[in-house]
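Here the structure comes first, spelled out in structure tokens, and everything after it is commentary.
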């Protein structure tokens, strides 16, 4: 009986081992058949592969911006009943009649204003006469010196004396710079005189008519809608404000209501009756935290982007820190903004640098032999490929040297180089 039980146990053990061996053989056979798929799934899990995206990265600083000088406020030159000759949104040119004011006392009021404008012009001409003569003389003298220096430079160049030529070239540059500086000063004087002359001419046209006319002082788009604060939006007013005052003004503008003067309405001398949006020579003040302020200087060309609009080129005219402490104000000028894009205030971004290329994760970059590159997937193997890193912004980098269709290892670990990754 004992021997029979022993044989039975031995037989069961033998069958178990046999079944286990068969199962192991089947598992190994299955692994051999499925190995390519298993390996592929494993590599996809361990080695992330993907493509970059063609795009742009930029360095920017953002804050609240105030804009001025891109619009001209129109005021009533007399008291009376107003009648508009253009509609809201119409394009106007300099000298176009915007509206007419009819009243018995209107012409008398215009005559007084004309006399005042003529007096301002006369006073300005008297105050600047000596400066004008001096600058005109300096310009003539600088021009003669510049011509002489130019010929001296040509003679030095022809002689083959490089050192003498460089000296003459520097002299010529100095004379030209002085000529331009004096000319710029003279143009500033003449620009102000031209403005006063234009003011007198407009008032003369108004005074010669049977009714008081409001003429367009600039070209642009006529807007019948205006705010009470529009008259305060001047470069001089904004330049005198600190960051907190500019922020308060921006909030006032956002909450302010717009007004409109209708045909047949009575207006008083000096009342705002509309505005012309030209978008020319726009000036802005951007408030930013000093710690975030980029390293820019007056004269730098940068991009300015307002909410929902394409960036426009502008020139930095000033950077003031500590206004108040902890804040900086960046001021600048924009040659032109489309009238329909012009705003009084907006959250804006100053873009100081912009690079275009293929955007990839920063962790996909690695260094090899002093070069920065990515692991480019060629068929199934990762190969180091050097690239030009144009900019790093957070966890993204914009590079050049690969196309957006190139597959790369998104986690650039040196261990993967030369190995199969898919």
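Just so you know, all these numbers are worked out from the coordinates, no wet-lab data involved. What you see is a predicted model; the values in this text were computed from it and never measured. Neighbour counts run over all protein chains shown; Cβ positions are idealised from the backbone, glycine included.
The order of the peptides 179-185, 276-282 by mean Cβ neighbours within 10 Å, most packed first, is 276-282, 179-185. Candidates (1) 20.4; (2) 42.1; (3) 24.3; which is the computed mean projected area of the Cα convex hull in nm²? The calculated read-out lines up with (2). Computed from the C-beta positions of residue 192 and residue 388, the FRET efficiency with R₀ = 51 Å rounds to 0.50.
Largest GNM mean-square fluctuation among 318, 326, 160, using the chain with Cα springs under 10 Å: 160.
Sorted fewest first by neighbouring Cβ atoms within 10 angstrom, 231, 406 come out as 231, 406. Distance between the pseudo-spin-label points of residue 242 and residue 310 (7 Å out from Cα toward the beta carbon): 4.0 nm.
With a simple spin-label model that places each label point 7 Å from the Cα along the Cα-to-Cβ direction, the separation between residue 371 and residue 167 comes to 5.0 nm.
Against the chain, whose longest principal axis is taken from its Cα atoms, helix 106-159 shows a tilt of about 60°. By the count of neighbouring beta-carbon atoms within 10 Å, fewest first, 150, 222 end up ordered 150, 222. Residue separation of residue 320 and residue 141 scaled by 0.36 nm, minus their Cα-Cα distance, works out to 60.7 nm of gained length.
Relative contact order for the stretch 275-422: what is it in percent, counting Cα pairs under 8 Å that are at least 6 residues apart?
Values: 288 pairs, mean separation 30.1, N = 148.
With pairs under 8 Å counted, the relative contact order is 20 percent.
The listed peptides 386-396, 122-132, ordered by packing as a protection proxy, come out as 386-396, 122-132 (highest mean of other Cβ atoms within 10 Å first).
Sorting 255-264, 194-203, 59-68 by average packing, meaning the other beta carbons within 10 Å per residue, from highest down gives 59-68, 194-203, 255-264.
In a fully extended conformation the segment linking residue 51 and residue 129 would gain 21.2 nm over its present Cα-Cα distance, using 0.36 nm per residue.
On a 0 to 90° scale, report how tilted helix 243-255 is relative to the longest principal axis of the chain, with both axes built from alpha carbons and the result rounded to the nearest 10. Tilt relative to the chain: about 90 degrees.
Between helix 162-207 and the chain there is an angle of about 60 degrees, using the helix long axis and the longest principal axis of the Cα atoms. Summary value for the chain: 26 percent relative contact order, contacts being C-alpha pairs under 8 angstrom separated by 6+ residues.
Counting every other Cβ atom within 10 Å of each residue's Cβ, 363, 301 order from fewest to most as 301, 363.
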